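Asker: One structure follows; several queries about it will come next.
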Amino acid sequence: MADEQQRVGDLRRAGEQAVQEAAPGLEALARFGYACRGAVYLTVGGLALTLAAGRRGGAATDTQGAVRRLEDLPLGEVLVGVLALGLVGYALWQLLRAVLDPERLGTDAAGLARRLGYLASGAVNLGAAWFAVRLATQARVEDGASAQDLAAQVLALPAGQVLLGLGGAALLGAGVAELVSAAKGKFMAFIALRGVGADHAGTLRRVGQLGTAARGTVLGLVGAFVLVAAVQGEAAGVRGTGGALNWLLNRPGGAWLLGAVALGTVCYGLWCFVQARYRHIQVRSGLDAA
């Protein structure tokens, strides 16, 4: 037993040492990841805004759909390859936030919920990065499993309705938390503006609020659809990001609703660039906490 604990301790120390040595590179990669994520959200928001305006070429889509559109640009394969690297960097940062807890969220219920969200975000962005890699390398890429397909797989599991309901509740809760953060400007706690950024602090804060509110709205809608599907035991009602945007478009005054959320999504893309420049990213503090 003592030998086993010793081995575990040695492995943990070796892992921490490896992360410590790689910390500067990980921080740079995380910032690059925020910038690449910003490009993707700008594309999602721009396509939705074009759709809301009734112009040709608009679409209600998600991250993978945005990456496909970017591939159609001149030197698109190179661009998608660069985005893949950035999304990997962002995913690694999210995983480090979950495991090392550099933001000192702790292990109470609220802290663990946030860290689980980071873990899920890391997994989703790794999936998006893999999709981008396959596009960039001209591998045959089919559309991934839809939100309905994934929901059907969960419902087929033992206690599937409960699991799907928990997932929907988590998404809905995350959306509400984003809306609260937008209203109170909580996200500014992680930003250290300086130079030109400090001169335009008020404007950048409003961009962050609009972007965070739009993201919270979409997350909340997706979570609500998943939760209703769990209660009904049917996957047909589940919608992903693109489906949620289309749902908004089909409401009364839908073009205005979609336009508002699309404009907010563009703001979120811009806010990702702000985070790439000014966000606190301190891998070493996570090691100290661990």
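The values are calculated or read from the model by the stated rules, or taken from the named source; none is laboratory data. Everything numeric in this text was worked out from a predicted model, so none of it was measured. Note that we place each Cβ from the backbone using ideal geometry, even for glycine, and neighbour counts take in every protein chain shown. To get the accessible areas, we keep the full protein, side chains included, count just its heavy atoms, and leave off ligands, DNA and RNA. Shrake-Rupley method; radii C 1.70, N 1.55, O 1.52, S 1.80 Å.
Asker: Do you know which residues across segment 190-208 are surrounded by fewer than 22 Cβ atoms within 10 Å (Cβ to Cβ) and touching a residue at least 12 places away in the same chain (Cβ under 8 Å)?
Answerer: Answer for segment 190-208, where residues must be surrounded by fewer than 22 Cβ atoms within 10 Å (Cβ to Cβ) and touching a residue at least 12 places away in the same chain (Cβ under 8 Å): Phe190, Ile191, Ala192, Leu193, Arg194, Gly197, Leu204, Arg205, Val207.
Asker: Restricting attention to segment 244-264, which residues are over 13 Å from Arg215 (Cβ atoms) and open to solvent by less than 20 Å² (accessible area, probe 1.4 Å)?
Answerer: Leu248, Gly254, Leu258, Gly259
Asker: For segment 155-205, give me each residue that is of a type outside the set (A, V, I, L, M) and at positive phi. First the steps, then the outcome.
Answerer: Residues of segment 155-205 of a type outside the set (A, V, I, L, M): 158, 160-161, 165, 167-168, 173, 175, 178, 181, 184-187, 190, 194-195, 197, 199-200, 202-203, 205.
Hits for segment 155-205 are Gly185, Gly195.
Asker: Next question, about the same structure. Mind telling me which of the residues Leu73, Leu116 ends up being open to solvent by 20 Å² or more (accessible area, probe 1.4 Å), under 30 Å from Trp256 (Cβ atoms) and of a type in the set (A, V, I, L, M)?
Answerer: The unique qualifying residue is Leu73.
Asker: Of everything in segment 25-68, what is within 27 Å of Leu257 (Cα to Cα), modelled with pLDDT under 85, open to solvent by 30 Å² or more (accessible area, probe 1.4 Å) and part of a helix (DSSP H, G or I)? Give them in sequence order.
Answerer: The answer is Thr63, Gln64, Arg68.
Asker: If you take the residues in segment 98-113 that are touching a Lys or Arg at 6+ places or on another chain (Cβ under 7 Å) and open to solvent by less than 30 Å² (accessible area, probe 1.4 Å), which one is nearest to Thr241 (Cα to Cα)?
Answerer: That would be Ala98.
Asker: Whether any residue in segment 80-94 is surrounded by 12 or more Cβ atoms within 10 Å (Cβ to Cβ), modelled with pLDDT under 90, among the aromatic types (Phe, Trp, Tyr) and in a helix (DSSP H, G or I) is what I want to check.
Answerer: Looking for residues that are surrounded by 12 or more Cβ atoms within 10 Å (Cβ to Cβ), modelled with pLDDT under 90, among the aromatic types (Phe, Trp, Tyr) and in a helix (DSSP H, G or I), one finds at least one in segment 80-94, hence yes.
Asker: Within segment 158-175, how many residues are closer than 19 Å to Phe225 by Cα and open to solvent by 80 Å² or more (accessible area, probe 1.4 Å)?
Answerer: Initially, segment 158-175 is screened for residues closer than 19 Å to Phe225 by Cα, giving 159-175.
Narrowing the set further to residues that are open to solvent by 80 Å² or more (accessible area, probe 1.4 Å) leaves 161-163, 166.
So the count comes out to 4.
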